[in-house]
1. Would you mind telling me which numbered condition in (1) of a type in the set (Ser, Thr, Tyr); (2) modelled with pLDDT under 85; (3) within 30 Å of Ser240 (Cβ to Cβ) Ser523 fails?
2. Which of the numbered conditions does Met681 fail, given that it passes all the others? Conditions: (1) open to solvent by less than 50 Å² (accessible area, probe 1.4 Å); (2) assigned to a helix (DSSP H, G or I); (3) at pLDDT 85 or above; (4) within 30 Å of Leu118 (Cα to Cα).
3. How about the range 574-596: which of its residues are outside any loop (DSSP other than H, G, I, E, B) and open to solvent by less than 30 Å² (accessible area, probe 1.4 Å)?
4. I need a count of the residues in the range 101-113 that are touching a residue at least 40 places away in the same chain (Cβ under 8 Å) and either surrounded by 19 or more Cβ atoms within 10 Å (Cβ to Cβ) or touching a strand residue (DSSP E or B) at 6+ places or on another chain (Cβ under 9 Å) (or both).
5. Could you tell me which numbered condition Trp646 fails, if it satisfies all but one of (1) open to solvent by 10 Å² or more (accessible area, probe 1.4 Å); (2) more than 20 Å from Leu326 (Cβ to Cβ); (3) in contact (Cβ under 8 Å) with a residue 40 or more places away in the chain?
6. Among (1) under 30 Å from Val360 (Cα atoms); (2) modelled with pLDDT of 85 or more, which single condition is Ile630 missing?
7. Out of (1) buried (at least 17 other Cβ atoms within 10 Å of the Cβ); (2) modelled with pLDDT under 90, the odd one out for His715 is which?
8. Among the numbered conditions (1) assigned to a helix (DSSP H, G or I); (2) without any contact (Cβ under 8 Å) to a residue 24 or more places away in the chain, tell me where Pro189 comes up short.
Amino acid sequence: MERNKLNGVNTVPLDDYGSTSNTKQKDDQIHIMTEDQLDVVDEQTIRVHLRKDDRGLYFNDGKRKIDFILVFDEQIETKKSASASEEKIKRWRQKFLKNLEKAGLNTEQEVVENEKKLITFVKLHAPWDVCCAYAENLSIRAPLQVVPDSKDDYQVPVPLDPHSVYFCEAHPNPTSNWSSKLLETLHIPNALEQAVPNTPLDYYTCQFKTSKLERFLGSDNPDTFFEDIHRHRILWEILSTTSYGKKKRAEIGIERLLDEKAFVAAFPLHDGSYKCKSDDISPEKLNKRQVLYKYWARWGCWYKYQPLDHIREYFGEKIGIYFAWLGFYTAWLLPASIVGVLVFLYGLITFNDNIPAQEVCDSGQQYKMCPVCDEDIGCEYWFLSDVCFFVRLSYLFDHPGTVFYSVFVSFWAVTFLEYWKRKNASLAHHWDCLNFEEEEERPRPEYAARAPDLKENPITGINEPYFDPSKRIPRILSGIAAIVIMICLVIIFIIAVIMYRVLISIPLFENAHLRSRASTIASMTAAIVNLIIIMTLGKVYEKLALKLTQWEMHRTQTEFEDQLTFKVFIFQFVNFYSSIIYVAFFKGKFVGYPGHYNRFFGLRSEECNNGGCLIELAQQLGVIMIGKQIINNAQEVIIPKLKGFWHRCQTRLDQKVGHSRWEDDFELIENEGLFQEYLEMILQFGFITIFVAAFPLAPLFALLNNWVEIRLDAHKFVCETRRPVAERAQDIGVWFTILEALAQLAVISNAFLIAFTSEFLPRLIYQYQYQWTLHGYTNFTLAVSPENTLNQTCRYRDFREPDGNHTMFYWKLLAVRLAFVIVFEHVVFGICKMIDIMVPDIPEALEQKIKRERYLAKQALADTDTILMMARRNEGDEEDNIDFNAAPSSQSKASNA
């Protein structure tokens, strides 16, 4: 059995959750160390010292590791004659650093001089006693040395001797990898699997308590007991709560000092360079950043499982949850893409069996069509056979398979969300962040700086900045008004694009060579213009939404982010989807008929091109979705490099001298968080669900994009940005609520698309009522222009009598369409609800693990008398032939209840 070490204690390694493992879950095992195994303890010490040759990770004494870096700069020429504001900032900075030392932090400064500035790097280190105090205050969880729960195991001395090593219990991997299981069942080699070194181990944990220190695994080694992300979180807590001025003015925290330019940067260090100095280094000796680069961030790993535990160990739970969700979403796109491709292939296979398209192509000059615009401005009559190619092409996006695919995607979206909830619960438990949001959040720095009053917090009893909620209401209403104004602006641009499409169609139809392609050219160019407008308005509004949300004075960061997310998503939903909604549900529905055309700004309402609105919708969707993905990916490649170049030009550190770790990291750009990453994926989810009836290949393009997106984001986080402060998160937050809303909207949207935009129902009714082979369908769908309305008698698409009134078939079709929408929605929503009920949000095995962990935590942290009492009770229970393990479980459940 391979032995893994954590703080000098042996245990059995566990599967890396969500990464490369495909081994079966193991039963809980207890492993007792013997004295002959203690020689492996020194290996951990050796590995620690191997990393000291990476410059800049330690203080000058080579022992204290740097937990955080603060950076400030001073102009050389103005250093002696500073202004009053600069003097005030200098006093704030000095007091802040002094208070950090009072809080127990070790500090050390390094000064680097460039052409114009003195750049000072302040290194911070939290000693063991400071870490212990704040770990307990922050409810950080630590691995347990588990008290045995069988009689024979109670031969271990009680109380536990902190100088002797006992045993620890590691619970199985919280979930299995479904793709690995499937490939294993099919006996197919798993090319997605890779052996990632230094896999983080998984233990039963509980909240850290200094008074029970000896009960925690590895507590005899202060240097390695707390993980890096825990130390970063502790340092950030200290930095965020340390004052630099008067507390009554809320002059507290590093974030306000960064806003005031007292410091130019505050960040934890990366764990060395991401590049290996030599290819001969064994994988186990790579630092954490090198492991992530080699096994995750490189383009060569595009098809491999993500090492989620390594990501969480390096970046924290919030970023880990994002990449877990992105990988899970991308994996679920695979079956949706396969089915979409099969549906598209079905259209290709049956392409030549489309009788209505054949009738159009063979019609010659049989069907003279009415002009698409007024005769007096030059629009001419044309023949239906002119658009033969596009009518045939429309069948690829409008055939019976698309109805099945719409139903499939509706079920797929709901099932995906249900199974994500299960995986999310497993991840949150596995990463010890379940229910952490119950903790009280402190006020945002900007809120603290601008709040005009002080008021006692009813939870903490501490006076803190306060902004009257009644004063926030007018600001929120102003924000809503701004959203409405911007939405109106979007609608104005949509109308402008519609008018552009109508006006550009006129000269195209006048040209005999371009007449057959006029609608397609006009639609394509309008879609490109629309995409440019959408991307521009989106960037403008995001900056406006940020300013509005800041002005609204939300107290906590969670409230701020939720409000910002709501504002941006509402606008971007209208911005990206409004033109598509217009083509899908409104275009061609209110045209009128010859002699009674509906007009808008003096122009006739747009008609669908003769391939039908569905092909135009597919065209519009493809341009906007794929174009947006290309632009975003180009931005993610180019913009970080430009920002990095500009930042390096501003810092102007001497490139000839070898940089320390903190100088290298300072030259990296600041991490901008996950908001844009989530927004991009949520909008994509809307594209592939709400309008999938028109574009079955949308999930395939989304899958290809996400494979690239994962690698771009991974490379950005590992190589191009500073290491972010590890944040806790138990889920993807308000984004999940938005996903659920989009999944519900997709059912309604696809029902109306099939009923009112697709030709599926008209063809189906015609088959049952007139001709099953669809012969004569083309002529049946073409009405004759009323007499004396145009210079010539012509045909147009509609179900009308020669006098312009609707036929009986039209009303029958309308009734069937409405009935189809009602039946479709009720059936799909009903089955989706059944899926929701049948798939529990938390797996049963996970519930048992949570109860087991609570019991072990209570047992391990119990007083000595309690342990002895439990041991004596165990002896009595055995005499009565009662299973010992049942009693603690019952007791645990009772205590939890």
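The values are calculated or read from the model by the stated rules, or taken from the named source; none is laboratory data. These numbers were taken from a predicted model, which means no experiment stands behind them. Please note: Cβ atoms are built from the backbone with ideal geometry, for glycine as well, and neighbour counts cover all protein chains shown. Accessible surface areas use protein heavy atoms only, side chains included; no ligands, DNA or RNA. Shrake-Rupley method; radii C 1.70, N 1.55, O 1.52, S 1.80 Å.
1. Unmet condition: (3).
2. (4)
3. Kept after step one, since they are outside any loop (DSSP other than H, G, I, E, B), are these residues of the range 574-596: 574-585, 592-593, 596.
Selection gives Asn575, Phe576, Tyr577, Ser578, Ser579, Ile580, Val583, Ala584, Gly592.
4. 5
5. Unmet condition: (3).
6. (1)
7. For His715, the failing item is (2).
8. With (1) assigned to a helix (DSSP H, G or I); (2) without any contact (Cβ under 8 Å) to a residue 24 or more places away in the chain applied to Pro189, the lone miss is (1).
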